[in-house]
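Participant: Got a structure for you, questions after.
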Amino acid sequence: GGAAQGTDYKAEMKFQDGLLDQINAGLDVQLSQSKNMAGEVKKQNELLDKNLDTNVDGAMSRLDKAAKQSKSLTQASGTFWLYVFNLVLFIVLIILIFLYSNKKDCRR
């Protein structure tokens, strides 16, 4: 009995050691894959950050350009109405001068 039990025990230990080696090898593969995945995720995050910064900068640049164009149009529009107002005042002044000079002529 004792020798047979010792042989069974050794065989069982050898079998369990083989299982543990297989588990260890599987865990090593998973660790390696996890590290590769982490590296890939890090690279993709860096690309996303770079693209996001570029897109935000581009959007801010376009927004700034649109604001400048809007300001330019507003100023041009204001200038246009200022010229129209001055022209109207000039015409009114000419009419008043004409009416005043005709009134003076009628008195003589």
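The values are calculated or read from the model by the stated rules, or taken from the named source; none is laboratory data. Quantities reported herein were computed from a predicted structural model and do not represent experimental measurements. Keep in mind that these areas ignore ligands, DNA and RNA; they rest on the heavy atoms of the full protein, side chains included. Shrake-Rupley method; radii C 1.70, N 1.55, O 1.52, S 1.80 Å.
Participant: Give me a count of the residues in the range 13-39 that are open to solvent by 90 Å² or more (accessible area, probe 1.4 Å) and acidic (Asp, Glu).
Facilitator: Residues in the range 13-39 being open to solvent by 90 Å² or more (accessible area, probe 1.4 Å) and acidic (Asp, Glu): 1 in total.
Participant: Another question about this same structure. Against the condition open to solvent by 80 Å² or more (accessible area, probe 1.4 Å), assigned to a helix (DSSP H, G or I), of a type outside the set (Lys, Arg) and at pLDDT 90 or above, how does Leu82 come out, does it pass?
Facilitator: no
Participant: Of the residues Gln69, Gln75, which single one is modelled with pLDDT under 90, open to solvent by 100 Å² or more (accessible area, probe 1.4 Å), over 29 Å from the mean Cα position of the chain (by Cα) and not aliphatic (A, V, I, L, M)?
Facilitator: Every option except Gln75 fails the conditions.
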